[in-house]
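K.L.:
Below is a structure I'd like to ask you about.
The values are calculated or read from the model by the stated rules, or taken from the named source; none is laboratory data. Just so you know, these numbers come straight off a predicted model, no measurement behind them. A quick note on method: Cβ atoms are made from the backbone with ideal geometry, for glycine too, and the neighbour counts reach across all protein chains shown. Only protein heavy atoms, including side chains, enter the accessible area calculation; ligands, DNA and RNA are left aside. Shrake-Rupley method; radii C 1.70, N 1.55, O 1.52, S 1.80 Å.
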Amino acid sequence: MAGIYVHIPFCESKCYYCAFSSFVKNDEWEKYFKTLIEQILSSPYSVKVESIFIGGGTPSVVDKKYIEQILLAIKAKFDVADNVEITIEANPNSLDREKLEFYKKIGITRLSIGVQSLDNGMLKTLGRKHNKKQVFYALKEAKKAGFENINCDLLLGLEGQTYFKLKKEVDALKKYVTHFSCYMLQIEDGTLLEKMVLNGQIKLPLDDKTVTNYLKLTKYLHKNGFLQYEISNFAKKGYKCRHNLNYWTRGDYLGFGLSAHSFVNKKRWANANTFAKFYAEEKLFEEDLTDKQIVEEMIMLGLRCEEGVDKKQLKEQGYDIEQNLNYDRLIKTGIIFEEGDKIKINPDYYGASNLVIEQLF
Ligand code: SF4
């Protein structure tokens with residue numbers, strides 16, 4: 001079983017904090033999708049597909065015919081499971097009833113909407129083009145079009161954000177959605193946000209305030225039936241994202257499109273991240289994972305998930321985690337704990353998970 005990721009590198013405009021491969025280039029669509037579909041159809045790999053994720057960028061800004069062509073190509077080329085999960089990412093201001101009904105008709109089962117915030121001032125500060133009214137319009141239309149599996153992305157660490165405001169946002173959104181992804185705002189090199197922070201135009205809250213808000217929010221989401229199954233992800237029962245679970249459990253996946261990553265049979269590669277190089281089928285990198293890399297990935301991905309990392313499986317890869325000098329201390333302080341063969345991070349320490357994970361390498 002494997003997942004397929006398709007990257008749509010187009011957006012209506014560039015958000016100030018964005019470091020993803022996304023461009024405002026409508027004149028590139030025709031050539032890009034023609035190449036993308038050729039590359040899907042000529043893939044040398046043959047996998048059974050359980051999930052498809054059309055991400056970006058903003059897939060909902062491009063002509064919907066391209067989305068249909070992509071799905072037809074995947075179905076023509078690969079063995080796609082009958083109950084395949086198909087997600088599309090969308091921005092609230094690029095969704096309307098006609099598009100949503102079309103997505104439903106072509107087999108899309110899950111919407112992931114980049115809400116980020118319901119505060120119009122914060123959205124403006126981030127360079128987002130939508131507003132609160134458009135969020136609820138998109139959610140209501142999605143429901144009318146028959147979508148029930150809907151994720152909302154929320155951003156934490158925004159100027160003026162408080163736990164009270166976040167809680168109110170969850171209250172306003174929860175009846176429409178089955179899943180929340182809550183990400184911390186990162187200041188990426190070379191972004192406009194970085195300049196704004198350096199110039200003092202914008203002041204972001206201290207990390208520990210954001211972590212406190214995040215920990216309180218996780219508890220509030222839990223109280224409302226959204227169970228945390230990964231550090232940033234919360235789902236109602238039966239609505240975990242299968243595609244992302246496959247990444248985190250190190251299942252195989254094929255990535256198509258600009259800068260898309262693939263992982264098959266312990267081999268990882270990424271497509272080039274410029275249009276010219278992508279058209280020439282160049283790769284950004286290609287590598288066979290070493291045992292050390294595999295162990296590090298198992299720890300990193302496993303500890304981010306509620307499932308944890310399996311001690312026995314680590315041993316099979318040649319790593320006895322109990323011999324790690326930090327292991328006993330982390331257990332004694334309650335930062336990590338054991339459950340059978342699984343090692344897990346105490347959810348109260350999810351805000352410091354990167355530090356914990358590093359200590360176990
Ligand atoms: S919509 Fe998403 S991908 Fe596009 S510019 Fe904004 S953050 Fe980046």
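K.L.:
Kindly establish whether LYS240 is at pLDDT 95 or above, closer than 25 Å to PHE164 by Cβ and assigned by TED's automatic domain parsing to the domain that holds LYS165.
P.N.:
Details: at pLDDT 95 or above: yes; closer than 25 Å to PHE164 by Cβ: no; assigned by TED's automatic domain parsing to the domain that holds LYS165: yes.
Considered against the rule, which asks whether it is at pLDDT 95 or above, closer than 25 Å to PHE164 by Cβ and assigned by TED's automatic domain parsing to the domain that holds LYS165, LYS240 comes out as no.
K.L.:
Do we find that ALA90 is away from the ligand (no atom under 16 Å from the Cβ) and either within 19 Å of ARG242 (Cα to Cα) or under 20 Å from the mean Cα position of the chain (by Cα) (or both) in this structure? Steps first, please.
P.N.:
On the way: away from the ligand (no atom under 16 Å from the Cβ): no; either within 19 Å of ARG242 (Cα to Cα) or under 20 Å from the mean Cα position of the chain (by Cα) (or both): yes.
Taking the combined requirement at face value, the residue does not satisfy it.
K.L.:
Residues being in a helix (DSSP H, G or I) and either among the β-branched types (Val, Ile, Thr) or over 22 Å from ALA235 (Cβ atoms) (or both): count how many of those fall in the range 198-221.
P.N.:
First, the residues of the range 198-221 that are in a helix (DSSP H, G or I): 198, 207-221.
Now drop any that are not either among the β-branched types (Val, Ile, Thr) or over 22 Å from ALA235 (Cβ atoms) (or both), which leaves 198, 207-212, 218.
The number of residues fulfilling the criteria is 8.
K.L.:
Looking at the range 50-64, is at least one residue open to solvent by 10 Å² or more (accessible area, probe 1.4 Å), assigned to a strand (DSSP E or B) and farther than 29 Å from LEU118 by Cβ?
P.N.:
There is at least one residue in the range 50-64 that is open to solvent by 10 Å² or more (accessible area, probe 1.4 Å), assigned to a strand (DSSP E or B) and farther than 29 Å from LEU118 by Cβ.
K.L.:
Without any contact (Cβ under 8 Å) to a residue 12 or more places away in the chain, over 22 Å from PHE263 (Cβ atoms), in contact with a Leu (Cβ under 9 Å, 6 or more places away or on another chain) and of a type in the set (Asp, Glu), is that true of ASP328?
P.N.:
Details: without any contact (Cβ under 8 Å) to a residue 12 or more places away in the chain: yes; over 22 Å from PHE263 (Cβ atoms): yes; in contact with a Leu (Cβ under 9 Å, 6 or more places away or on another chain): no; of a type in the set (Asp, Glu): yes.
Judged against the criteria, ASP328 is not a match.
This table checks each residue for (1) modelled with pLDDT of 95 or more; (2) within 19 Å of ASN131 (Cα to Cα); (3) among the polar types (S, T, N, Q).
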residue: ASP153; (1), (2), (3): yes, yes, no
residue: GLY160; (1), (2), (3): no, yes, no
residue: GLU169; (1), (2), (3): yes, yes, no
residue: LYS174; (1), (2), (3): yes, yes, no
residue: ASP207; (1), (2), (3): no, no, no
residue: LYS219; (1), (2), (3): yes, no, no
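K.L.:
VAL24 versus (1) within 10 Å of the ligand (Cβ to nearest atom); (2) among the β-branched types (Val, Ile, Thr); (3) within 19 Å of ASP252 (Cα to Cα): which is the lone unmet condition?
P.N.:
Only one criterion in (1) within 10 Å of the ligand (Cβ to nearest atom); (2) among the β-branched types (Val, Ile, Thr); (3) within 19 Å of ASP252 (Cα to Cα) is unmet by VAL24, namely (3).
K.L.:
Ok, one more. Out of LEU198, LEU221, LEU206, which single residue is without any contact (Cβ under 8 Å) to a residue 60 or more places away in the chain and buried (at least 16 other Cβ atoms within 10 Å of the Cβ)?
P.N.:
The unique qualifying residue is LEU221.
K.L.:
Which of the residues spanning the range 74-87 are touching a Lys or Arg at 6+ places or on another chain (Cβ under 7 Å) and either without any contact (Cβ under 8 Å) to a residue 24 or more places away in the chain or within 16 Å of the ligand (Cβ to nearest atom) (or both)?
P.N.:
THR87
K.L.:
Let me ask you something else. For the range 259-352, list the strands (runs of 3 or more DSSP E) that sit wholly inside it and hold at least 3 residues that are surrounded by 15 or more Cβ atoms within 10 Å (Cβ to Cβ) and more than 21 Å from the chain's Cα centre (by Cα); which are they?
P.N.:
Once the strands (runs of 3 or more DSSP E) in the range 259-352 are filtered for at least 3 residues that are surrounded by 15 or more Cβ atoms within 10 Å (Cβ to Cβ) and more than 21 Å from the chain's Cα centre (by Cα), what remains is 342-345.
K.L.:
Test ALA260 against the stated conditions and say whether it is in contact with a strand residue (DSSP E or B) (Cβ under 6 Å, 6 or more places away or on another chain) and in contact (Cβ under 8 Å) with a residue 24 or more places away in the chain. Show your work before the answer.
P.N.:
On the way: in contact with a strand residue (DSSP E or B) (Cβ under 6 Å, 6 or more places away or on another chain): yes; in contact (Cβ under 8 Å) with a residue 24 or more places away in the chain: yes.
Yes, satisfied.
K.L.:
Going through the range 234-258 one residue at a time, which ones are open to solvent by less than 10 Å² (accessible area, probe 1.4 Å), within 20 Å of PHE285 (Cα to Cα) and not in a loop (DSSP other than H, G, I, E, B)?
P.N.:
LEU254, GLY255, listed by residue number.
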